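Structure record follows, encoded as structure tokens.
The values are calculated or read from the model by the stated rules, or taken from the named source; none is laboratory data. Fair warning: this is a prediction, and the values are worked out from it, not measured in the lab. Quick reminder, even Gly has a Cβ in these numbers, built from the backbone with ideal geometry, and neighbours come from all protein chains shown. All accessible areas refer to the heavy atoms of the entire protein, side chains included, with ligands and DNA or RNA removed. Shrake-Rupley method; radii C 1.70, N 1.55, O 1.52, S 1.80 Å.
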Number of protein chains: 2
Amino acid sequence: MARGKLHLNPSGYRNMRICFLGTGGSWPSKRRNVSSIAVSSGSTTVLLDCGEGTQRQLLSSPVSPMKIRAILVSHLHGDHFLGIPGLVQTMSLNDRDAPMDIYGPAGTLEALEKGLTMCPFSPNFNISGHELEPGDTFSIDHLTISCGRAAHGSLPSLSYRINEPDRPGRFNREKALELNIPEGPKWGMLQRGEDITIGSGPDVRTVVPREVVGPPRDGISLAYSGDTAPCDEVEELARGATVLIHEATFADSHQEVAAAFGHSTARGAAALAKRAKVSRLFLVHISPRYQKEEELKPLIDQATEVFEGAMVPEDGNVIEVTH
Amino acid sequence: MARGKLHLNPSGYRNMRICFLGTGGSWPSKRRNVSSIAVSSGSTTVLLDCGEGTQRQLLSSPVSPMKIRAILVSHLHGDHFLGIPGLVQTMSLNDRDAPMDIYGPAGTLEALEKGLTMCPFSPNFNISGHELEPGDTFSIDHLTISCGRAAHGSLPSLSYRINEPDRPGRFNREKALELNIPEGPKWGMLQRGEDITIGSGPDVRTVVPREVVGPPRDGISLAYSGDTAPCDEVEELARGATVLIHEATFADSHQEVAAAFGHSTARGAAALAKRAKVSRLFLVHISPRYQKEEELKPLIDQATEVFEGAMVPEDGNVIEVTH
């Protein structure tokens, strides 16, 4: 994240919308489909993972599959990846022509090659695959994406952070009036980073934005753990994020299973979120063993004991994130 | 079908259960998932096609994914095939060890190879792939399966027929009593095809089954069209079947589209069913364009005008077929 650097945000991206499409872990249950989350900022939508059945989950969401700009794959386990071939085919059968990018860890290109050629079908739009290394940073439209290592056994696994551009600094109305800058178009110019002139004749002088506009403020940021045991790298990537979406496959009772298979407990995820000082925490990749409310409650309780307000979204939940 | 040949059916398979898992065509809709039908006879279950999301549809059915003995793939379009990798992975993660067979047209082995290796995952049970040619006949447990060509453009496409073994002939109680064979174990022996002796001393004589048991009667049979325009080969394969499950992607209004893409209208499917003299007709692969009741009604009406009792099942419908 380009802290301290001025990224004006003239289009005013102030909201990020998160659609939880699949919040279950490992295999689908009646209650939860496997992993996928649609994140929209302005007119840009990216999918975080794309498990089998994601295209059908999208039908019950406000997200048009045709508008998905990119898919960020955390790792190549089936419950995070197997929805891609069908989604691509349906997009193509519905005459999509906009290109799409698919990002993932080492192995993604081979998996895509197999997945997109196993059926006798050629998409009629361009798909670009990209293999990432932890630490890579890239842009999708106005969004800056960075990725880090996730601790999911020996399999190359990534966590992601999506940053909206920094927002302009706070406009100091009192200071502007004190400088005799009348409310009107010149305020907008200053807020957009443009110098203005005030006064006339010998009193004319230039006002630069920093005289009335505070330092740029962070845009909304979202970190997604993918599948992982709690680890320093994910904590670092998530530091200070507006939203952390972290896996929480198990409750305390299955702490050893979680550790053995490179997964997190809800409590472990919440502790990481607290250390990383994120503002909001959503827990996903819930094991199919937690179907009933009474089965799920301990997991939620254990998270909220550590991180107040931690939430376990259901498939279909839509969250608008604002500053 | 081995007409006229005696296949005793000591286990008494008299019911076939059909679970409609996905009754939609081409891509999923809210109302219908893509193609899959589970057919159970005795303890044997086979899937007819396995579109994306079939493993989740199974969760709302009485069929355990772990009990699926084989998958019969009609053709390699994604909406009939893309559910296989995820289903296999979930079976394996749930410790399945029973082998499974997957049958399909030319190209199936390569598609399976790609589909089952695109994720870093090796199933812990044995999967055997089989490529079929139209006209092939093979057995799965007590079932005899035959396949024929379907007319779905240039893509190798199969229709299937599943035959339960012939049932024993009708037992003639009156004739048995007339021959002085007392009701009891000897009736059972005769019905099972065994000779018995009656009388004693010089009057002892052998009774052979055909003296009291009628000719064997056909077992239940089910034909499945896969994707196809109405064609002679499917009609021939379906001839006299107890059940025909035929695709009916479109209503009359889209007859030209149906013909252009190797699909059937409901009316066309019903006319074929009538010519083939099947007992019951179910129409599947319904286009996503028919979501509302008023959109679907013309399609149903057009079928029932031609074939009384033709049904358009919904996902989750279960039909018990009895003689």
Quiz prompt | Odd one out for B:Q57, checked against (1) more than 9 Å from every other protein chain (Cβ to nearest Cβ); (2) open to solvent by less than 10 Å² (accessible area, probe 1.4 Å); (3) not aliphatic (A, V, I, L, M) | solution = (2)
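Return a yes/no flag: does the range B:192-203 have any residue that is under 30 Å from B:Y290 (Cβ atoms) and touching a Leu at 6+ places or on another chain (Cβ under 9 Å). Show your work before the answer.
To start, the set of residues in the range B:192-203 that are under 30 Å from B:Y290 (Cβ atoms) comprises none.
No, the conditions are met nowhere in the range B:192-203.
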Quiz item: So which residues in the range A:114-130 are more than 14 Å from chain B (Cβ to nearest Cβ) and touching a helix residue (DSSP H, G or I) at 6+ places or on another chain (Cβ under 9 Å)?
Solution: A:N124, A:F125, A:I127, A:H130
Quiz item: Exactly one of (1) over 26 Å from A:L296 (Cα atoms); (2) over 21 Å from the mean Cα position of the chain (by Cα); (3) of a type in the set (K, R) is unmet by A:K67. Its number?
Solution: (2)
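Condition first: more than 25 Å from A:D141 (Cα to Cα) and at pLDDT 95 or above. Now tell me which residues in the range A:156-173 satisfy that.
We begin by selecting, within the range A:156-173, every residue more than 25 Å from A:D141 (Cα to Cα); these are A:156, A:171-173.
Listed by number, the list holds a single entry, A:P156.
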Quiz item: Here are B:N180, B:N172: which of them is open to solvent by 40 Å² or more (accessible area, probe 1.4 Å) and on the phi > 0 side of the Ramachandran plot?
Solution: B:N180
Quiz prompt | Residues that are assigned to a loop (DSSP other than H, G, I, E, B), modelled with pLDDT of 95 or more and touching an Asp or Glu at 6+ places or on another chain (Cβ under 6 Å), drawn from the range B:1-51 | solution = B:T23, B:R32, B:N33, B:V34, B:S35, B:G51
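I'd like the residue in the range A:45-54 that is within 13 Å of chain B (Cβ to nearest Cβ) and more than 12 Å from B:G53 (Cα to Cα) and, out of all such residues, is surrounded by the fewest Cβ atoms within 10 Å (Cβ to Cβ). Reasoning before the result, please.
Pass one, the range A:45-54, residues within 13 Å of chain B (Cβ to nearest Cβ): A:49-54.
Checking the rest, the ones that are also more than 12 Å from B:G53 (Cα to Cα) come to A:49-50.
Values: A:D49: 29, A:C50: 32.
Among those residues, the one meeting the criterion is A:D49.
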Exercise. Kindly provide the set of residues from the range A:124-153 that are farther than 21 Å from A:S40 by Cβ, outside any strand (DSSP E or B) and among the acidic types (D, E), ordered by number.
Key: A:E133, A:D136
Quiz item: If you take the residues of the range B:60-89 that are open to solvent by 10 Å² or more (accessible area, probe 1.4 Å) and in a helix (DSSP H, G or I), which of them is nearest to the other protein chains (Cβ to nearest Cβ)?
Solution: B:Q89
Practice problem: Hey, can you tell me all the residues within the range A:29-44 that are open to solvent by less than 10 Å² (accessible area, probe 1.4 Å) and not small (G, A, S)? | Solution: A:R32, A:N33, A:V34, A:I37, A:V39, A:T44
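Which residue out of B:R192, B:R96, B:R167, B:R173 is in contact with a helix residue (DSSP H, G or I) (Cβ under 7 Å, 6 or more places away or on another chain) and of a type in the set (K, R)?
Working: B:R192 fails: in contact with a helix residue (DSSP H, G or I) (Cβ under 7 Å, 6 or more places away or on another chain); B:R167 fails: in contact with a helix residue (DSSP H, G or I) (Cβ under 7 Å, 6 or more places away or on another chain); B:R173 fails: in contact with a helix residue (DSSP H, G or I) (Cβ under 7 Å, 6 or more places away or on another chain).
Residue meeting the stated conditions: B:R96.
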Practice problem: Take the range B:90-100 and flag every residue that is assigned to a helix (DSSP H, G or I) and within 9 Å of chain A (Cβ to nearest Cβ). | Solution: B:T90, B:L93
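Hand me the list of strands (runs of 3 or more DSSP E) wholly inside the range A:154-241 holding 1 or more residues that are within 21 Å of A:A38 (Cα to Cα) and under 19 Å from the mean Cα position of the chain (by Cα).
Working: elements: A:158-163, A:196-198, A:205-207, A:221-224.
Filter on the range A:154-241 gives A:158-163, A:221-224.
Which count do you get for residues in the range B:256-287 that are more than 24 Å from B:W27 (Cβ to Cβ) and either out of contact with any Pro (no Cβ under 9 Å at 6 or more places or on another chain) or open to solvent by 10 Å² or more (accessible area, probe 1.4 Å) (or both)? If you could, list the steps in order and put the result at the bottom.
Step one: of the range B:256-287, the residues more than 24 Å from B:W27 (Cβ to Cβ) are B:270-281.
Adding the requirement that they be either out of contact with any Pro (no Cβ under 9 Å at 6 or more places or on another chain) or open to solvent by 10 Å² or more (accessible area, probe 1.4 Å) (or both) leaves B:270-271, B:273-281.
Qualifying residue count, the range B:256-287: 11.
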Quiz prompt | Options A:H246, A:H263, A:H254; residue that is part of a strand (DSSP E or B) and farther than 30 Å from A:Q191 by Cβ | solution = A:H246
